[in-house]
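The values are calculated or read from the model by the stated rules, or taken from the named source; none is laboratory data. Small disclaimer: the values here were computed from a predicted structure and weren't measured. As a convention, Cβ positions derive from the backbone with ideal geometry for all residues, glycine included, and neighbour counts pool all protein chains shown.
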Amino acid sequence: MRMVDLIQNKRDGVRLTREQLYFAIQGYTKGEIPDYQMSAMAMAIYFQGMDEEEIADLTMAMANSGDTVSLAGIRGVKVDKHSTGGVGDKTSLIVVPLVAAAGVPVAKMSGRGLGHTGGTVDKLESISGFRIELPSEQFIRNVNDNKMALVGQSGNLAPADKQLYALRDVTATVNSIPLIASSIMSKKIASGADAIVLDVKVGSGAFMKSLEEAEQLAATMVSIGKSLNRKTIAVLSDMNEPLGTEVGNALEVAEAIEVLRGGGEARLKEICLVLAAHMTVAGGAYPSFEKAREALEGILESGQGLATFRKFVEAQGGDPGIVDDPGLLPQAALQISVRAEKEGYVQAVDAESIGVAAMLLGAGRARKEDAIDYSVGISLRKKVGDPVRFGDVLAVIHSNKDQNQDISGKILDAYTIGEDRPDEVPVVHRVVQ
Ligand code: URA
C-alpha cells in the first residue's frame, strides 16, 4: 500500500477502506508517513468528506494508536462526558459529582485549555495540593469508593489524534466535521467509557458558530457511537455568552461550589441538570429523563453533590477546606470594575472576547507551554437581558498586572447594550440521540 494512492483516492472521491485508514494512521503515528502526506490527506478529507463507516473506522484507528484505558475494574455502566469547549464552562465540576452522587460511576479524563477556552484540569489545579495524575489502580479505587475520579489525559492516549490535531491547526483543516468528530470520539473510546454524553457548544465562543453545523457534528458523533456500540447522546447548548458569571480557574471552582450548594446562575444550573440527567439515564440509574432530572434536583438541594465533590477533592490530595471557604482558593491582588458607558439592556456578551481577555490576564494559555495564573479572571456582573444604567458595574477584573486598561477596553467592547430587552435564548437548544 502507498499513501500517495490513498490520497489520490480520497481526492477523487473514492472511499477509504478500514485497512487503508489503519495503514495511514499507524504509519503516521510511527513517523513512517510524513506530515506533508498527512496534510494532503486531511485536506482531501476536508473537501470530499467521509461516509459514516469511514468516520467510524478512522475513529477506531486513532483510538487504537496508543494506550487504551480499561475500566473493567469499575462496577456499573461507566458514563463519560465531553464538552466541545467554551468560555466559563465549568459544567464537569458540577455534573460529575451530581452523577456520582446518583450512583453512576464516572472515571473521567479531561484536557487543559488552549486559546480562549478553559480546561477542567487547569481549574482543578487551582486547588492547593490537588493531583491530576493518579496511578491507574488508585484511579479505579477512587471511582469504586466515591463513584468519581477526574485526571488529566495520559500522554499516550490516542497519539495519532494529538499529532493530527496539531497538523490540522496549521493546515487550515480543523473545521471538518469528520475530522472533529473522529478526534473527539477517538479519545472517548480510548478512555474506556461505555456511554458518552456530549455537550456540543454553539455560538460565538464555540467551534461551531451555527446551529446547523453543530447539529451535523452532533449527529455524526452520535452515529459513530452507535456503530461502535457506545450509547452516545449529544446536547446542543448555547455559547454565545460565557456560561455562568465567572471566567478564570479559581473563580470557576468557587462558582461550581456555589451551584453545588444550591445557588448559582439559573442557566448554568439548567445545563448541568440536563447533562447529568442524560448521563444517569445512560448509566441505568433512572428510567427516564424526567425522573432523572427530578432526582438530581433533590441530590443538588440535599447537598449530596457537594459532599461527593468534597470527598473527590480530598481523595486527590486537594484541600477540602475550599469547599466550606472558597476564599481559600488563590485570590488576585487587584479587583477592577468595568462600568457601563450607556444605558439600556445587555444584548450580547461576546464569549470569545471575554475568553481572550481572561487569557491575556493569565487565566489561559496562548501557547501550550505558557504558565497559568489560577487567581485571575473576570466576574460578569451583567449578562444578556439584564438592564443597565450608566456607571453600573458590568464586570470585575481580577488581575495581578499593574496595567489593565486594554483588558477593560476589551471587556467593554464585548458588551452590546441596546434599548430593547432581547428575547431569551435557551441554554439548551436540542438533544440528538
Ligand atoms: N476538539 C477535539 O478534541 N478535536 C477537534 O478536532 C476539535 C475539538
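Any idea which of (1) surrounded by fewer than 24 Cβ atoms within 10 Å (Cβ to Cβ); (2) within 13 Å of the ligand (Cβ to nearest atom); (3) closer than 26 Å to residue 397 by Cα; (4) of a type in the set (Gly, Ala, Ser) is the one residue 263 doesn't satisfy?
Result: residue 263 fails condition (2) only.
Listed here are the residues, each with its yes/no results for (1) charged (D, E, K, R); (2) assigned to a helix (DSSP H, G or I); (3) within 23 Å of residue 75 (Cα to Cα).
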residue: 250; (1), (2), (3): no, yes, no
residue: 263; (1), (2), (3): no, no, no
residue: 269; (1), (2), (3): yes, yes, no
residue: 273; (1), (2), (3): no, yes, no
residue: 276; (1), (2), (3): no, yes, yes
residue: 280; (1), (2), (3): no, yes, yes
residue: 285; (1), (2), (3): no, no, yes
residue: 297; (1), (2), (3): yes, yes, no
residue: 301; (1), (2), (3): yes, yes, no
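Can we say residue 186 is in contact with a Phe, Trp or Tyr (Cβ under 7 Å, 6 or more places away or on another chain) and either of a type outside the set (Asp, Glu) or within 10 Å of the ligand (Cβ to nearest atom) (or both)?
Taking the combined requirement at face value, the residue does not satisfy it.
Run down 50, 62 and say which single residue is within 16 Å of the ligand (Cβ to nearest atom), touching a residue at least 12 places away in the same chain (Cβ under 8 Å), part of a loop (DSSP other than H, G, I, E, B) and more than 21 Å from residue 364 (Cβ to Cβ).
Going through 50, 62 in turn, just one is within 16 Å of the ligand (Cβ to nearest atom), touching a residue at least 12 places away in the same chain (Cβ under 8 Å), part of a loop (DSSP other than H, G, I, E, B) and more than 21 Å from residue 364 (Cβ to Cβ): 50.
Return the pairs, sorted by first residue and then second, in which the second residue is charged (D, E, K, R) and more than 10 Å from the ligand (Cβ to nearest atom), the first residue lies in region 167-188 and is in the same structural domain as residue 226 (by TED's automatic domain parsing), the beta carbons are less than 6 Å apart, and the residues are 6+ apart or on different chains.
Sorted first by the residue in region 167-188, then by its partner, the pairs are 167/35; 188/80.
Could you check region 284-312 and list, in sequence order, the residues that are touching a Gly at 6+ places or on another chain (Cβ under 9 Å) and in contact (Cβ under 8 Å) with a residue 60 or more places away in the chain?
Listed by number, the residues that qualify are 284, 285, 296, 299, 300, 304, 306, 312.
Would you be able to tell me the number of residues in region 326-356 that are within 26 Å of the chain's Cα centre (by Cα) and not β-branched (Val, Ile, Thr)?
Of the residues in that region, 14 qualify.
Identify the single condition in (1) touching a residue at least 60 places away in the same chain (Cβ under 8 Å); (2) closer than 27 Å to residue 411 by Cβ that residue 266 does not satisfy, given that it satisfies every other one.
In the conditions (1) touching a residue at least 60 places away in the same chain (Cβ under 8 Å); (2) closer than 27 Å to residue 411 by Cβ, residue 266 misses (1) alone.
Output the residues belonging to region 341-360 that are over 13 Å from residue 113 (Cα atoms) and surrounded by fewer than 24 Cβ atoms within 10 Å (Cβ to Cβ). I'd like the intermediate steps shown before the answer.
As a first pass, look at region 341-360 and keep what is over 13 Å from residue 113 (Cα atoms): 341-354, 357, 360.
Passing the criteria: 341, 342, 343, 344, 345, 346, 347, 348, 350, 352, 353, 360.
Which ones in region 203-223 are within 13 Å of the ligand (Cβ to nearest atom) and among the β-branched types (Val, Ile, Thr)?
Answer for region 203-223, where residues must be within 13 Å of the ligand (Cβ to nearest atom) and among the β-branched types (Val, Ile, Thr): just 220.
When region 1-32 is examined, which residues are found to be assigned to a loop (DSSP other than H, G, I, E, B) and surrounded by fewer than 21 Cβ atoms within 10 Å (Cβ to Cβ)?
1, 2, 12, 13, 14, 15, 17, 31, 32
Can you tell me which residue is farthest from the ligand (Cβ to nearest atom) among those in region 191-202 that are part of a strand (DSSP E or B) and touching a Lys or Arg at 6+ places or on another chain (Cβ under 8 Å)?
Among them, the one singled out is 195.
If you check residue 318 against the conditions, is it at pLDDT below 95 and crowded, with 21+ Cβ neighbours inside 10 Å?
No; evaluated as a whole, the condition is false for this residue.
Go through (1) touching a residue at least 24 places away in the same chain (Cβ under 8 Å); (2) within 21 Å of the chain's Cα centre (by Cα) and name the single condition residue 281 misses.
With (1) touching a residue at least 24 places away in the same chain (Cβ under 8 Å); (2) within 21 Å of the chain's Cα centre (by Cα) applied to residue 281, the lone miss is (1).
Counting just the residues of region 84-122 that are within 15 Å of the ligand (Cβ to nearest atom) and among the basic types (Lys, Arg), which one comes out farthest from residue 283 (Cα to Cα)?
Once the filter is applied, the top-ranked residue is 112.
If I filter region 164-182 down to residues being among the hydroxyl-bearing types (Ser, Thr, Tyr) and under 14 Å from residue 39 (Cα atoms), which single residue comes out as nearest to the ligand (Cβ to nearest atom)? Write out each step before concluding.
At the first step, the residues of region 164-182 found to be among the hydroxyl-bearing types (Ser, Thr, Tyr) are 165, 171, 173, 176, 182.
Of the ones still in play, those that are also under 14 Å from residue 39 (Cα atoms) are 165, 171, 173, 176.
Details: 165: 6, 171: 13, 173: 10, 176: 8 Å.
Selected residue: 165.
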